[in-house]
Amino acid sequence: MTAHHKMDKPDRRNRLDAMRQGLLGTAMDRPDGPLKVSGRATYSHEWDVPDMVHGVLVRATIAKGRVTDIGSSDLLKDEAIHAVITDDRLLRRPAQGGADEAPPQGAKQVDYFGQPIALVVAETFEQARHGANRLTVHYEAAGNAAFDPEAPDTETDSPEDDQLDQGDLEQAMREAAFTVDQVYRTAGHNSAAMEPHCAIASWDGDKLTLRGSYQMLNFNINELADALHIVPENIRMLSPYVGGGFGSKLGISPEAVAAAIAAKEIGRPVCVALSRPQVFETTMRRSETRQHVRLACGEDGLLTGVGHECLVSNLPGEEFYEPVTQATHFLYGGKHRKLGIEVARINRTCGGSVRAPGEAVGMQVLENAMDELAEAAGIDPVELRKRNIPERHPEDDIPYSSRRFADALDEGARLFEWEKRNRQPGSVREGDWLIGHGMAGAARVNILSEAKARVTLLADGSAVVETDMTDIGTGTYAILTQIAGEMLGLPANRVETRLGDTDFPAGPGSGGSWGASSSGSAVFLACEEIRKKIAGKLGSDEADLKLADGKAGTDDAARPLAEILNGQDISAIGHIEPGKTLEEWQQATYGCYFAEVAVNAVTGETRVKRMLGVFAAGRILNEKTATSQCYGGMIWGIGNALTEELVFDNRDGHIVNHDLAEYHIPVNLDVPQIEVVLLKERDEWASPIQAKGIGELGICGAAAAVTNAMYNATGIRLRDYPATLDKLLTELPEH
């Protein structure tokens, strides 16, 4: 039986609050935690598949052109080499998240330096790697490759759906009491997930089993089937544990298709694992950006004009572009508005979704500009933001769903003791260190995605949850266990959650911060249906049913579930779909950051001394995992502010820093004591469980709090990210 619900109207029942089991929302430990820390959780490269051989991808050493010849004959004389795969079905790049179809194939056409063009298969990984390095490849290079997105001769286009010209911004700027008119730049980023990409393919006749590290199996199975020209029904994908994704594993990627083709050709299971440089080269990058921001306000600080025009980049023909202005459309008011995105077509690694696409870089720049406006107008930065929270969407004229933005700003200022901050830039010093304080707002769009989940109440009174939803470290195993336990009156150790298997009902996938609220709603609906069946067996209404401690009944009496079930299981599938509430209300999550930094007046080194984040994201399903997500986002924000930058060589387009030695993510000594506060909230428009997404909110504006604090410490405005010490040195005051 299936319980289907389309979110066409707000759900004000608050069923989960009425259960009173004390499980949901707590900081319950992850059920999968002991498996992971003891090495018993099987990640993509760790499956023990008999008779398995290994493949290594061969990378292109030009940025644009064609492969004219691959000299494999000499290599195949080596008995250790089983095959050199040059099949036209090989992928040139990964699929974008949610593509649901194969990305561009035919690897003989080269679009960027490092693109996979072949696969060498050998008995061991070392032999395959050696073979890939020995393979002779001849090219016909094109002479018109483009590498610099800001070069005057680089081709650009402007997506029609992302251009807004409302009112007269030029007039608003002329008539304003205070304005900001600045250009900011952010660097490109790589997801740099802890687990490198890997796929193990094995065939049984026409049936393919693919074990890999992927975020969205509901789409990935169709993308893989389309690439291989087979039906999805002949594929089973397994991703029970994923060692981080951040967008890099949203779509099916080259190693999966290559492994499947090779396994079919040689008749043995094939494992294709990427090295760290290959991960950097063949997975999605976040585009660098150039952002022209204009803000206009009156003497009272109320915005009259907002301009946010951006240049991003991607490969020719790619539809995806970084949605930089996503939060600018709804966060602050202002009658006169001009927002737009321009896409430069260059031959760099494919651009795609990296944690919080759009807001991760758009919010940090918008919040830098708001800080500049606050200074120009002589208004406290917290107060300026509060004054400009609009009553209705400033462009679409629709209401907001739950929105505790002002509450977050007030609570953050109180906890940080913002009133004691340094008010005069460059005026506080501790020895050689200049001390500064900064803050920024946070916002991330909220999405409910279609999801299904099966819940089975077993005859012994325990429960099993099944969905192909993945857990990429976000806490899905814990959250779905808690929802089922809360609804069915079971302790966590009586609920087993199974994930990452396409034989299970299709979940929403891990991406866009929609996983917990969407898959959680599906589990909720399935449990509601099971509750109805139990109530029917007891001759009572479901609303009067009380389930607790493995027993069911009404106020008068309770009986063990095993006794009521009488040897029979009860199974139901929950099916949630987004509806009118997503279209008719502006849904988002909100928060803010406060940071204290120290900048060395001699060397320009910046240290973040403390950082606070306050967030509101609907019902918090697990306090520990939600807090952990915010920690991670804020730490990434420190990286965005100070160190992270993909560096490309504009002579040939290759990534210069394609490993973790040179791509500088924050490490232990870079990260101060971080405090996260989660505000209580229920969003009845967002989902039946009143939850919203929190996986990406923690990064959306975090970098701006750091760089605003750096300005407060030094009096130096840096508008070119990352804010490395070399950009500070020449401007630092005499010491």
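Side notes on the structure shown:
- Using a Förster distance of 30 Å, the FRET efficiency for Ala151-Asp181 (Cβ separation, nearest 0.05): 0.80
- Computed on the stretch 384-485, the Cα convex hull volume stands at 227 Å³ per residue.
- With R₀ fixed at 56 Å, the C-beta to C-beta distance from Gln171 to Lys36 puts the FRET efficiency at about 0.45.
- Added length on full extension, which subtracts the Cα-Cα distance from 0.36 nm per residue, Arg276 to Lys546: 92.0 nm
- In this rough spin-label picture, where each label sits 7 Å from Cα along the Cβ direction, the Ala459-Val231 distance is 3.4 nm.
- In a DSSP loop and with at most 13 other Cβ atoms within 10 Å, the trypsin sites (Lys or Arg not before Pro) in the stretch 24-97 are Arg40.
- For the stretch 605-619, backbone nitrogen atoms closer than 20 Å to the point 7 Å from Leu679 Cα along Cα-to-C-beta are found at 611-619.
- Bridgeable lysines around Lys64 (alpha carbons under 25 Å apart, same-chain partners fewer than 8 residues away excluded): Lys108, Lys249.
- Hydrodynamic radius by Kirkwood, which averages 1/r over all alpha carbon pairs of the stretch 1-116, in angstrom: 20.7
- In straight-distance terms, cross-link reach from Lys609 covers every one of the lysines whose alpha-carbon lies under 24 Å from its own, apart from those fewer than eight places away in the same chain; here that gives Lys420, Lys624, Lys727.
- Computed across the stretch 446-538, the Kirkwood radius stands at 13.1 Å (inverse of mean 1/r, all Cα pairs).
- Over 20 Å (Cα to Cα) - which of Lys546/Lys680; Lys36/Lys207; Lys6/Lys452; Lys207/Lys264; Lys386/Lys580; Lys335/Lys386 fall in this group: Lys546/Lys680; Lys36/Lys207; Lys386/Lys580
- Span-rule helices in the chain, defined as complete DSSP H runs reaching 20 Å or more along the axis (Cα) with Kyte mean at least -0.5: 359-377, 515-538, 623-642
- Ranked packing of 24-33, 271-280, 592-601, most packed first, by mean Cβ within 10 Å: 592-601, 271-280, 24-33
- Note on Ile70: accessible area is roughly 30 Å² with a 1.4 Å probe, heavy atoms of protein only.
- Looking at the stretch 417-481, the GluC sites (Glu not before Pro) that sit in a DSSP loop and have at most 11 other Cβ atoms within 10 Å of their own Cβ are Glu417.
- The convex hull around the C-alpha trace of the stretch 371-431, projected and averaged over every direction, spans 5.8 square nanometres.
- Of all aspartates and glutamates in the structure, those lying under 12 Å Cα to Cα from Lys551, and not within fewer than 8 positions of it along the same chain, are Asp460, Glu563.
- Scaled radius of gyration (Cα, divided by 2.2 N^0.38 Å) that the stretch 307-350 gives: 1.37
- Angstrom value of the Kirkwood radius, inverse mean 1/r, which spans all Cα pairs in the stretch 209-292: 14.0
- Using alpha carbons only: equivalent-ellipsoid semi-axes of the stretch 97-245, gyration tensor based, whole Å: 42, 24, 17
- Restricting the GluC sites (Glu not before Pro) of the stretch 276-313 to loop positions (DSSP other than H, G, I, E, B) with no more than 12 neighbouring Cβ atoms within 10 Å leaves Glu299.
- Whole-percent carbon and sulfur share, accessible surface of the stretch 287-362, 1.4 Å: 50
- Rounded, prolate or oblate (a/c below 1.5 giving rounded, otherwise prolate when a/b exceeds b/c) for the stretch 261-337 by Cα gyration tensor: prolate
- With semi-axes defined as the square roots of five times the eigenvalues of the C-alpha gyration tensor, the equivalent ellipsoid of the stretch 514-583 measures 28, 13, 10 Å, largest first.
- Segment His664..Glu265, full-extension length gain: 139.6 nm, with 0.36 nm per residue of separation and the alpha-carbon distance subtracted.
- Once all protein chains are placed together, Arg444 keeps about 10 Å² accessible to a 1.4 angstrom probe.
- Computing FRET efficiency as 1/(1 + (r/R0)^6) for Asn566 and Met194, where r is the C-beta to C-beta distance and R0 is 56 Å, gives about 0.75.
- Solvent exposure of the chain, expressed per residue, is 37 Å² of accessible area, with all protein chains present and a 1.4 angstrom probe.
- Summing Cβ point charges (Lys, Arg +1; Asp, Glu -1) relative to the Cα centre of the chain gives a dipole of roughly 1340 debye.
- Ranking Asp549, Asp88, Asp407 from most to least accessible surface, computed with a 1.4 Å probe over the protein chains only, gives Asp549, Asp88, Asp407.
- Charged neighbours of Asp652, selected by a Cβ distance under 14 Å, balance to 0 (K, R count +1; D, E count -1).
- For the stretch 601-735, fraction of C-alpha pairs farther apart than 17 Å, in %: 65
- Farthest toward positive dipole pole in the stretch 286-429 [+1 Lys/Arg, -1 Asp/Glu at C-beta], among Ile346, Met363, Gln326: Ile346
- Shape of the stretch 92-157, Cα gyration tensor, a/c cut at 1.5: oblate
- Surface listing: Arg15, Arg337, Arg236 arranged by accessible area from highest to lowest gives Arg236, Arg15, Arg337, probe 1.4 Å.
- Anisotropy class of the chain from Cα gyration tensor, a/c 1.5 cut: oblate
- Helix-only CD estimate at 222 nm, as mean residue ellipticity for the chain, using -39500 (n - 2.57) per DSSP H run (n ≥ 4): -7500 deg cm²/dmol
The values are calculated or read from the model by the stated rules, or taken from the named source; none is laboratory data. Here the structure is a predicted model, which is why all the values come from computation and not from measurement. Cβ: placed from backbone, ideal geometry, glycine included. Neighbour counts: every protein chain shown. For the accessible areas, the whole protein counts, side chains as well, though only heavy atoms, and no ligand, DNA or RNA atoms are used. Shrake-Rupley method; radii C 1.70, N 1.55, O 1.52, S 1.80 Å.
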